[in-house]
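Where a number appears in this text, it was derived from the coordinates with a stated rule and is not lab data. Owing to the predicted nature of the structure, the values given are computational and were not obtained by experimental measurement. FYI the Cβ positions are ideal-geometry reconstructions off the backbone, even for glycines, and counts take in every protein chain you see.
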Amino acid sequence: MDFKLSEEEEKRRKEFFDGCKELSKEKPKDFIEGIEAEYEKANQAYITRCRKEFAKRGWLRLGWPPEYGGVGSHMDRVFFGEARGYYSLPGVDIFGIEMLGPTLIAMGNKEVKDRYLPGIGNGDTLWCELYSEPNAGSDLAAITATAIRKGDEYVINGQKTWTTNAHNADWGFGLFRTDPQGRKRRNISFLLMDMKTPGISINPLEYLNRMHMYNEVFFDDVHIPADQIVGEENQGWAVSQALVNFERSNVLAVSAVGRLLETLVEYCNETKVGGRPLAQDPFIRNKVAEMATEIEASRTLAYYIADQQNRNQLAALFESSAAKVFIGDIYERLGALGSDILGSYGQVSASRWARQKGIWESMYQAAFVLTISMGTNEIQKNIIAWYGLNMPRPLSPVSIEKALATAQAAK
């Protein structure tokens, strides 16, 4: 791809940044920043304000087909993500807008698109992702929650965990075993459901500081219509792989860490130790420059993936995984760097001693989330090795035994 933006792209990018800048001026003084900002009760009024404004401008339907109210391109989605990340604006349901919407467009039939895309694109319907289970997180294909077809319904039983925003979501999408005796990955279906359906119960999983982002979700004979399936029955794994490409290529986090680095540079310019600004310390300058370089590299990778999507190509699975691993590592190391530079001041948040609203204490504690969510970085590295580098998969103990037995018999 040509990494130089056209004149029209530069104009569109500026439009997103100008719009987000104006909206950021309305941000309440008590607005809680960070990864959890989208789900905090205290932020909900401002979140709703942002969502309505984005919907009015059509920014929740960027890159969609015109028949579903779409405007702009996939590159516009990147520009919008950059602007929103830079100004730390909430108001975009990542599960509906960033994940499910593009997946339905790519994989859903006309009936499903007509039924669900308007609510997503207008910001009227909030979604959650029903994937992880107590014994199936990294190995998602090992899920045990079942959805058994009975006539025109699926009856769902089981449990999901670490479900972000289930307590606020109107609807959920998830993977369920529809053929308990079928082969792994060929016995899973991708289903949609109203989270108010009888039989669904939600228990909060709070942080130690009482922030509420995650939940356990239990299904006890939950009946949903059979037409709330995306793709074919038992072919949900293919749908899920399309979804994770959109999930892992989000540029929002890239722009957010870029803004955080600017905040750290401001602190280094303003804070003096031994009579001179921290910014003049060669060790700190090198560390900050290294971080800035890596953030720019991650932004370029996000642009490349968006360019692939703009060409009506699903970005290669390993490329999305690479972007996810890279930004997760950067986020974690930036949190550590900020805490190191601030020293003891970086260990407090709700205190008169806190610097920069205590964002570094919060970031240091929450930074690990991006290395676990959307599939752990360890799993992403396997995907990169297998699909990107064509490296062989390790043999299972059973396969090793069979290979040894075959070799022995051949002697």
Inset, instruction - With unit charges on the beta carbon (Lys/Arg positive, Asp/Glu negative), name the residue among Gly358, Val217, Thr146 whose Cα is farthest towards the positive pole of the charge dipole of the chain. - result: Gly358
Inset, instruction - Take every Cα pair under 8 Å in the chain that's 6+ residues apart, average their separations, divide by the length, and report that relative contact order as a whole percent. - result: 13 percent
Legend entry - Average silhouette area of region 133-197, convex hull of alpha-carbon atoms, in square nanometres: 4.7 nm²
Inset, instruction - Sort Glu153, Glu206 so that the residue with the fewest other Cβ atoms within 10 Å of its own Cβ comes first and the one with the most comes last. - result: Glu206, Glu153
Inset, instruction - Name the residue, out of Leu100, Leu140, Leu260, whose mean-square fluctuation peaks in a Gaussian network model built on the chain with Cα pairs under 10 Å. - result: Leu140
Inset, instruction - Using the Cα centre as the reference, give the magnitude of the dipole from point charges on the C-beta atoms of the chain (Lys, Arg: +1; Asp, Glu: -1; all else neutral), rounded to the nearest 20 debye. - result: 480 debye
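Where a ≥ b ≥ c are the square roots of the eigenvalues of the C-alpha gyration tensor, would you call region 172-268 rounded, which needs a/c under 1.5, or, failing that, prolate if a/b is larger than b/c, or oblate?
Working: a/c = 3.19, a/b = 1.72, b/c = 1.85.
Here region 172-268 falls in the oblate category.
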Legend entry - the chain: C-alpha gyration tensor shape, a/c 1.5 cut-off, then a/b vs b/c: prolate
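On alpha-carbon atoms, Rg over Rh for region 109-248 using Kirkwood Rh?
Working: Rg = 14.5 Å, Rh = 15.3 Å.
Here Rg/Rh amounts to 0.95.
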Legend entry - Separation of alpha-carbon centers, region 368-391 and region 132-158, rounded to whole Å: 23 Å
Inset, instruction - Grab every C-alpha pair in region 58-156, bin the distances at 10 angstrom width from 0 up to the longest one, and report whole percents. - result: 13, 36, 30, 18, 2
Inset, instruction - Write down the percent of antiparallel bridges among all DSSP beta bridges whose residues are both part of the chain, to the nearest 5. - result: 80 percent
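Given Cβ point charges of +1 (Lys, Arg) and -1 (Asp, Glu) and nothing else, what value in debye, to the nearest 20, does the dipole of region 7-92 about its Cα centre take? Walk me through the intermediate numbers first.
Details: 17 positive and 17 negative charges, 64 e Å.
Using Cβ point charges on Lys, Arg, Asp and Glu, region 7-92 gives about 300 debye.
Not counting the cut sites, what is the longest span of the chain without chymotrypsin sites (Phe, Trp or Tyr not before Pro) that DSSP labels loop and that have at most 14 other Cβ atoms within 10 Å? Intermediate results must be reported in sequence, preceding the final value.
Numbers: sites that count: Phe3, Tyr207, Trp353, Phe368.
Here the longest run is 4-206.
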Legend entry - Cβ-defined net charge surrounding Gln280, 14 Å radius [Lys, Arg +1; Asp, Glu -1]: +2
Inset, instruction - Report, largest value first, the span of the C-alpha coordinates of region 249-388 along each principal axis, in whole Å. - result: 54, 26, 23
Inset, instruction - Determine which lysines satisfy two conditions relative to Lys29: a Cα distance under 17 Å, and not lying fewer than 8 residues away in the same chain. - result: Lys21, Lys41, Lys357
Inset, instruction - Springs between alpha-carbon atoms under 10 Å, Gaussian network over the chain: tell me which of Ser344, Ser240, Ser201 tops the mean-square fluctuations. - result: Ser344
Legend entry - Hits among aspartates and glutamates - C-alpha to C-alpha of Lys287 under 17 Å, sequence gap 8 or more where chains match: Glu262, Glu266, Glu296, Asp329, Glu332, Asp340
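Roughly speaking, what is the stretch gain from Ser201 to Ala336, that is 0.36 nm per residue apart minus the C-alpha to C-alpha distance, in nm to one decimal? The partial results should precede the final answer.
Numbers: separation 135, 0.36 × 135 = 48.60 nm, distance 3.75 nm.
Full-extension gain reported as 44.9 nm.
Tally Lys/Arg at +1 and Asp/Glu at -1 over every other residue whose Cβ is under 13 Å from the Cβ of Leu192; what's the total?
Values: positive: Lys113, Arg115; negative: Glu111, Glu129, Asp170, Asp194, Asp227.
Neighbourhood net charge equals -3.
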Inset, instruction - Mind checking which of Pro180, Gly274, Pro134 is farthest towards the positive end of the chain's charge dipole, using Cβ charges of +1 (Lys, Arg) and -1 (Asp, Glu) about the Cα centre? - result: Gly274
Inset, instruction - Excluding residues on the same chain fewer than 8 positions from Lys184, give the aspartates and glutamates whose Cα lies under 17 Å from its Cα. - result: Glu133, Asp139, Glu232, Glu233
